[in-house]
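In what follows, a structure is listed as structure tokens, so that the remarks can point back to it.
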Amino acid sequence: MKRRIISMLMALVLVFSLLPVGALADAAASGETGSIDMEEIIAAVEKIINGDTNSPDLGSILDKLDYNQLAQLIAALIKDKVDIGPVLDKLDINELVAVIKGLIGGDTDIGSLLEKLDTEQLVALITGLIGDNETLKPILDKLDINQLVAVIKGLIAGDQDIGSIIENLDTEQLVALITGLIGDNEALKPILDKLDINQLVAVIKGLIAGDQDIGSIIENLDTEQLVALITAIIGDNEALKPILDKLDINQLVAVIKALIAGDVDISSIIANLEPYQILKVIAGLFGSELDVTGPDNVTVTETENAVFKVKVNLSLLDQLAGKTYKYMWLEPDDLTNLNDINFENIDIISLIARIAGKSLGNGDTFTVQNTTMRDDGRKFVCVIYNLSDKVFYVSDEVTLTVTPFSDCTHNTLRSVRGLEPTCTEDGHIAYYECATCGKLFLDEECITQTNAKDIVIPAKGHAPVEGKAAVEPTCTETGLTAEIVCSVCGEVLEAQKEIPSTGHTKVVDVEAKEPTCTEAGCTEGSHCSVCGEVLAVSEAVPAKGHSFDGIQCTVCGEYVPFPFKDVPEDYWCRSEVEYVWKQGLMNGMTGDTFAPTTNMTRAMFATVLYRMEGSPSVEGMSEPFTDVDKSYWAYDAIVWAYNSGITNGVTETSFEPTRNITRAQLVTMLYRYEGSPALSGVLTFTDSADIAVPYRSAVLWATRNGVVNGYEDGSFRPNNNASRGHMAAILARYCQM
């Protein structure tokens, strides 16, 4: 009985505990109970609590008390941790009696009391229980009465979930709550402003649990916000601006994660830039600043010379010091060897040596002689350098525009005589040619234009007759064709040609038997039925041995021994590697290595799918990517993949063929290759939330069909790079599913 009383009292006041019954005596001594004999009541309650069988009837005791006395009795039974006056003020006398009976009987429902309070009273009760927490005020103010009652009940039961509270807040309140938890961080403001309510709730839960992943936040930002965040982290670096502007959202997210981890590699970023941008970044790294005028864009008419000029404006001090500079004029698009520069240990001498072979001119003036329309649109930059001062400056990129000739007055004509045709040569009519513009006319007044160069008078042709008679061949002796000559000019039109002997009429005596790879055969035995000559004596033919075309014998289909020493028989994907190797879907990195742990690039994977499709022609297909031209080894595969809807590229104009492909991207491209079949269901990986929405259907399809599996810890790791071993396993499962 005593346990039940204590339990119900704790429930009523949210973990309050029962006072010793002696507290009633204190209350009586202080006069709080009025004229009633409280000692009698105390004695009666003690008997009831102690389970005395002779205890009086509780109802007969309570009937003697008025409303205030009943309320005082309840208050005296409870520690004064929270003012429960608002609760009692809501009850009538019968309800007060019921509360006391319920407390002693152990069956009072806390909900029936709490529901008597209004919002302000409930908030005050919760504040008394958990302390005056400024961060939680917007939460409590947001909840309605039913939700506040539910919170208190949950706190009593010890199972209240913070998520059920914060999910009732709006965006502004959630952001304020996060700011209260992590501090007012200016760099994170664009992140929080970007997230929706569900994401903000997830962030708060993660912060409370201590396991929030910054990646799940930054992946919700757009390009401009990501660049601003990077700038806030590393400072406003002019040399890095063209790098950041070139990267896509996934790359920017990777940069931020790397910056946070402290392991960002600038070379991996610069590798994605165009040659001109790389030159500008290098100049920024050297920190070379010069006061330079020019060069400017140049427009000329074809055949004119185009002149580009630069001028280094030296200060008086530099002039007195005798400073001089060297120049190199370059076409940036012609530079193809800059992506592999070691930016951590670059020096100006090796850099100049690397690009010097592409120099078009070496002075402060550069001239394109005798321009043609092929020169229209060419772009140039001038590299200005000084080895002793380690100055490396790259000018702005300028463009050459070539316009065609305007109307010509045809002042200078050249007469071309007509020519009569012969048996073998065409003739042509007489005409006049303008020496300036090259137009043709039939008259000196240049009135009638002509295409005389294209109009010919056909040759008359020969009059053929037989010069020498033909000679018939025999079985073993050759013959001759007739000689044909022209009766007009005597030219030999068809010289006599040797006619091979007719050969024997063969009769087979012994049928030939073709040798196999492992078994001997024999040649045919025969004779001529016309002259009787033995034509062939049957002889044994040794076995041919295997004839391997690549890895498979073209005769019997046997494969060469498995060549890859880095994929032993007990390797986790040995059978899959052997399958894709035999099917011609994947080759080794060298003759005897497969490199299963090497990351797959986007170009590699596009090529694998292209081979699976049978390497179709891409003639006439769209070619949207500026970073993949026809000379690139995977050009056909990338163009086919784009036009087949398998990939859209990283941007509208770039494919980034050398970029590593992630597990999520790989199965997505394979899913599109399959035709993106419709399916339903949810992902059950431990990191399913990390799988971006565009990839989820593909991952679900791939895992459901056994094309790809997760890791032993239950995760999928969508952003991990896909290795060649992973690729082999996925392809083999896909082809055999």
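Answer yes or no as to whether GLU576 is under 33 Å from the mean Cα position of the chain (by Cα), acidic (Asp, Glu) and under 27 Å from GLY614 (Cβ atoms).
Taking the combined requirement at face value, the residue satisfies it.
I need the full set of residues from region 691-731 which are in a helix (DSSP H, G or I), within 15 Å of the chain's Cα centre (by Cα) and farther than 22 Å from ALA603 by Cα, in order please.
VAL693, ARG696
Within region 684-700, is even one residue open to solvent by 40 Å² or more (accessible area, probe 1.4 Å), under 19 Å from SER644 (Cα atoms) and among the acidic types (Asp, Glu)?
The answer is no, given that none of the residues of region 684-700 is open to solvent by 40 Å² or more (accessible area, probe 1.4 Å), under 19 Å from SER644 (Cα atoms) and among the acidic types (Asp, Glu).
Just to be sure I understand the filter: pairs with C-beta atoms under 9 Å, separated by 6 or more residues or on different chains, first member in region 363-375 and in contact (Cβ under 8 Å) with a residue 40 or more places away in the chain and among the aliphatic types (A, V, I, L, M), second member open to solvent by 50 Å² or more (accessible area, probe 1.4 Å) and part of a loop (DSSP other than H, G, I, E, B). Which pairs pass?
Final answer for the pair search is VAL368/ASN305; VAL368/LEU360; VAL368/ARG378; MET373/PRO404.
Among the residues of region 311-319, are any out of contact with any Pro (no Cβ under 8 Å at 6 or more places or on another chain), of a type in the set (Val, Ile, Thr) and surrounded by 12 or more Cβ atoms within 10 Å (Cβ to Cβ)?
yes
With respect to GLU477, is the statement that it is under 30 Å from GLY427 (Cα atoms), part of a loop (DSSP other than H, G, I, E, B), open to solvent by 60 Å² or more (accessible area, probe 1.4 Å) and of a type in the set (Asp, Glu) true?
Criteria not met by GLU477.
Among the residues of region 381-425, how many are over 24 Å from ASN305 (Cβ atoms), assigned to a loop (DSSP other than H, G, I, E, B) and not basic (Lys, Arg)?
Going through region 381-425 one residue at a time, the tally reaches 11.
Return the only residue of LEU585, LEU609, LEU666, LEU670 being modelled with pLDDT under 95, part of a loop (DSSP other than H, G, I, E, B), surrounded by 12 or more Cβ atoms within 10 Å (Cβ to Cβ) and of a type in the set (A, V, I, L, M).
One residue alone meets the criteria, LEU585.
Could you list, in sequence order, the residues of region 354-372 that are in a loop (DSSP other than H, G, I, E, B) and either closer than 17 Å to TYR325 by Cα or at pLDDT below 90 (or both)?
Answer for region 354-372, where residues must be in a loop (DSSP other than H, G, I, E, B) and either closer than 17 Å to TYR325 by Cα or at pLDDT below 90 (or both): GLY357, LYS358, SER359, LEU360, ASN362, GLY363, ASP364, ASN370, THR371, THR372.
Can you tell me which residue in region 701-718 is most open to solvent (accessible area, probe 1.4 Å), limited to those that are in contact with an Asp or Glu (Cβ under 7 Å, 6 or more places away or on another chain) and of a type outside the set (Phe, Trp, Tyr)?
ARG717
Quick one: in region 639-663, which of the residues that are closer than 16 Å to VAL608 by Cα, among the polar types (S, T, N, Q) and part of a loop (DSSP other than H, G, I, E, B) is least open to solvent (accessible area, probe 1.4 Å)?
THR647
Check LYS630 against each of (1) without any contact (Cβ under 8 Å) to a residue 12 or more places away in the chain; (2) closer than 30 Å to SER688 by Cα; (3) in contact with an Asp or Glu (Cβ under 9 Å, 6 or more places away or on another chain) and name the one condition it does not meet.
(2)
I need the full set of residues from region 589-599 which are open to solvent by 30 Å² or more (accessible area, probe 1.4 Å) and in a loop (DSSP other than H, G, I, E, B), in order please.
Listed by number, the residues that qualify are MET589, THR590, GLY591, ASP592, THR593, THR597, THR598.
The rows are residues; the columns are (1) outside any strand (DSSP E or B); (2) closer than 30 Å to GLY557 by Cβ; (3) open to solvent by less than 90 Å² (accessible area, probe 1.4 Å).
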| site | (1), (2), (3) |
| --- | --- |
| TYR432 | no, no, yes |
| THR436 | yes, no, yes |
| GLU445 | yes, no, no |
| VAL465 | no, no, yes |
| SER501 | yes, no, yes |
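What do you reckon, is ASP245 modelled with pLDDT of 80 or more, open to solvent by 70 Å² or more (accessible area, probe 1.4 Å) and touching a helix residue (DSSP H, G or I) at 6+ places or on another chain (Cβ under 8 Å)?
No, not satisfied.
The values are calculated or read from the model by the stated rules, or taken from the named source; none is laboratory data. Quick caveat: nothing in here was measured; it's all calculated off a predicted structure. So basically every Cβ, Gly included, is an ideal-geometry build from the backbone, and we count neighbours across all protein chains shown. Ligands, DNA and RNA are stripped out before the accessible areas are found, and what is left, the full protein with its side chains, is counted by its heavy atoms. Shrake-Rupley method; radii C 1.70, N 1.55, O 1.52, S 1.80 Å.
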